[in-house]
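Here's the structure we're looking at; comments come further down.
Values in this text are rule-based calculations from the coordinates and carry no lab data. Remember, predicted model here, so these are calculated numbers, not experimental data. Ideal geometry is used to build each Cβ from the backbone, glycine not excepted, and the neighbour counts take in all protein chains shown.
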Amino acid sequence: MRPSELPASVVSRRAIVYVRQSSVTQVQDNLESQKLQYGLADQARQLGFRDVVTIDEDLGRSASGLVERPGFRSLVAQLCEGSVGAIFCLEASRLSRNGRDWHHLVELCGLVGARLVDSDGIYDPSSPNDRLLLGLKGTMSEFELTVLRRRLLEAALAKARRGELRLAVPIGYVWSADTGLDVTPDLRVQNAIRTVFQKFARLGSARQVLHEMRKEGLLFPRPADGKRLNQLTWLLPTYRSVLSVLQNPFYAGAYAYGKSNTLTRIVDGQPRKKRGRYRPMDSWSVLLRDHHHPYVTWEEFQKNQEQIAHNAHRKPAGGAKSGRGGTALLAGLLRCRRCGRMLFVAYGGRGVRRPRYTCRYGHNLNGTEPCISFGALRPDQVVAREILIAVAPLAVEAAVVAEQRVADRHEERRRALELEHQQASYEVRLAARRYEAIDPDNRLVAAELESRWNSALLRLQECERRIVEANILPAATPDPSVLQSLALNLENAWTSPSTPPRIRQQLVRMLIREIVVDVDDTSREVVLVIHWKGGLHSEHRVKKPRSGQHSRTASPDAHKLICEMATQWPDAEVAATLNRLGVRTGQGNTWTARRVQAYRGTTGIRGYESAIKDGNCLTMYEAAAALGVSSHVIRKLIGDKLLPARQLLADAPWQILASDLQRPEVQEALRNRTARKRPIPRQKQTAHPRTKTTQRSDVE
């Protein structure tokens, strides 16, 4: 159709100029295409249209049909109102790159009598010939997009398989024209990246790395404009920055391409594409190991990924959870033996809330009966005791390693502060040179450069102040005697209030994979099967208290000793023996005869009664009185194994049968001892005439 053939009914309506470019890069760089598209408004006025509207809301949006286009939606809405007489576009691909939108637009134009105008001519969609030509244009535009995209993707994939595709690299790497991908020459950036890996190797948690770096005031580089690495700014690290360093395979010397894919969904009848869906490592398009110089080895990278996955708390029900603090030591480690699910922790009670392990998933999801439930105090104590027994042989070695790690930590911080000081000094010198190079009469520029110089000086002073406050000194060599005492005080260190619960949970997870637990209702015992990291299993039983039974009771050793001594010794002797052994009551007090009597009454232990003692069993003092000798003689006879005697445990009273005092070897030893005691004859001495005579017997 020629321009002169436009009917007056079309020219009297509105003309819409549709402007679109597919990407932000095209909007920024392809300015000539923008000028040509905006120039279509003048062409519309030349054709006689007075009401000309330009729609450019879709600049930077693709027309593939997978991206929402508000400008195109506004165009269709105005077209349906019948107020549009013509649509101007540079080419058919500007309006649509997919057949659905294109043919829908052509159909609407034919219904309302609107015209489509491009650089080739004017088309009337209601005309069969023009309709056929417009259909071919739309089909070719869609096919062209598909072919171009496939060629570009295949070329990029082929180049990536050779490791030559220049992807956006993370902080710490730069593309070089000579060597390709290489480590950045900035030592401060290198040290910041290595500090993240070193702290994670020591702490084992990305969030703990973040907390320690922020606590020490260590800064982390970020792109100044958010994208490009040409200029960096140093800020306090964030969790995302720490995790991106730990999970990026580039830092392990691997070249990776195709780590994510695109998912297309139908939303409100329109296809929508969602990018950035992470793919498993075995599904990556390209993975070239040993491609460039690494910050860590590939083995260390894989170990870090396993640790990060293990630390994640929100995981499927089949896996153990990481320790996140709290008073429950075994939270996230207990697996129900009956249903196979992991137990969770519930807190209850008045005043101080006590943790309790329970398995109610089946009850909550399916309405079945709850599996098991028990308090956390006693199982936690049993597992803690087993942990201390396991680590006791390596306590001194662990203390030496800990001391070395403290020294390494001081060295890391000292190195980071030194590099920060060097960077601040350079910025001061650079600002000074720029200020001195400017003409002093140009006060507008000189004032700004002077302000930047002052800011650089303030940053340098702040850095120097932090170095002074840090008071970084070389770590002292650990004293072996101190380490030995530390090895003997593991239980005190474990129960110390200064030890965070998270540290205890981390230590448990270093040694134990999981614990399968069940409750024996017959014996009222909690059965714990510990699965150690080395592959060994150990079973432990913990008495489950009855309702209303408190935990402040005497220890099993105290109960056993009272049971054995109560029927043979008075309560005072039993209390003295318990105190000599350092055994305390359930309230932490020393034992007395009254407390022993009260404990026997509570537990139903039959007590010692002196009225029914028939003299068959004697103490060491009673045996000495019966033989007419001292207790030291009886002790020597027992030590020489001549007199049989029984002692329940160390420091407990000796139990001697009266019949054993008449044994031949005992009587023979007593006779020999009596025979060795001969009387000392009295000797006369000649007295000096001036002195008084003194006899030896008098002296004695």
Report task. Can you work out the PRE-style zone for Y621? Point 7 Å along Cα to Cβ, and I want the residues of the stretch 563-603 with backbone N under 14 Å. Result -> 570-574, 576-577
Query - Whole-Hz ³J(HN,Hα) from phi, Karplus 6.51 cos²θ - 1.76 cosθ + 1.60, for the stretch 70-86, glycine and proline x - result: x, x, 5, 5, 5, 4, 5, 5, 5, 5, 5, 6, x, 9, 9, x, 7
Query raised in the report: Assuming R0 = 30 Å, what is the FRET efficiency of Q381 and D408, from their Cβ-Cβ distance, to the nearest 0.05?
Result: 0.30
Query raised in the report: Are any of the pairs K560/K636; K303/K533; K159/K259 more than 22 Å apart by Cα-Cα distance, and if so, which?
Result: K560/K636
Query - Distance between modelled label sites at T495 and V352, nm, 7 Å Cα→Cβ extension - result: 1.3
Query - Inter-label distance for L444 and S631, nm, one decimal - labels placed 7 Å from Cα along Cα-to-Cβ - result: 10.5
**Report entry** Theoretical gain in end-to-end length, E306 to T592 [0.36 nm per residue, Cα-Cα removed]
**Finding:** 97.4 nm
Report task. Would you please give the residues with an amide H less than 5 Å from that of F220, counting only those at least 5 places away or on a separate chain, with H modeled from the backbone geometry? Result -> L235, L236
Query raised in the report: So if we plug the beta-carbon distance of D290 and A158 into 1/(1 + (r/R0)^6) with R0 = 22 Å, what FRET efficiency do we get, rounded to 0.05?
Result: 0.60
Report task. Starting at the first residue of the stretch 519-534, write each ³J(HN,Hα) from the Karplus equation 6.51 cos²θ - 1.76 cosθ + 1.60 with θ = phi - 60°, in whole Hz, x for Gly and Pro. Result -> 10, 8, 5, 5, 9, 6, 10, 8, 9, 10, 10, 8, 9, 6, 5, x
Report task. For Q667 and E462, calculate 0.36 nm times their separation in residues minus their Cα-Cα distance, and state this gained length in nm to one decimal. Result -> 64.8 nm
Report summary line: Restricted to the stretch 3-158, the DSSP antiparallel beta bridge percent, nearest 5, is 20
Report task. Using a/c under 1.5 as the rounded threshold, could you call the stretch 617-676 rounded, prolate or oblate? The axes a ≥ b ≥ c are square roots of the C-alpha gyration tensor eigenvalues, and prolate needs a/b larger than b/c, oblate otherwise. Result -> prolate
Query raised in the report: Across the stretch 489-498, in residue order, what do the Karplus-derived ³J(HN,Hα) couplings come to in whole Hz, using 6.51 cos²θ - 1.76 cosθ + 1.60 with θ = phi - 60° and x for Gly and Pro?
Result: 10, 5, 5, 5, 5, 5, 8, 5, x, 6
Report summary line: Simple spin-label estimate for A168/I389, 7 Å along Cα→Cβ, in nm, reads 5.6
Query - Global form of the stretch 3-158, assessed from the alpha-carbon gyration tensor, a/c cut-off 1.5 - result: prolate
Query raised in the report: Amide H to amide H, which residues 5 or more places from L657 or on other chains are under 5 Å from it, using H placed in the peptide plane?
Result: L618
Report summary line: Lys and Arg at +1, Asp and Glu at -1: neighbours of I55 with Cβ under 13 Å from its Cβ sum to +3
Report task. Multiply the residue gap between E91 and T233 by 0.36 nm, knock off their C-alpha separation, and tell me the result in nm, one decimal place. Result -> 46.7 nm
Report summary line: Taking placed amide H atoms and a strict 5 Å upper bound, the residues 5 or more places from I512 or on another chain that come that close are K533
Report task. Work out the FRET efficiency for Q43 and L187 from their Cβ-Cβ distance, taking R0 = 35 Å, and round it to the nearest 0.05. Result -> 0.05
Report summary line: To the nearest 20 debye, the stretch 617-676 has a Cα-centred charge dipole, built from +1 on Lys and Arg Cβ and -1 on Asp and Glu Cβ, of 200
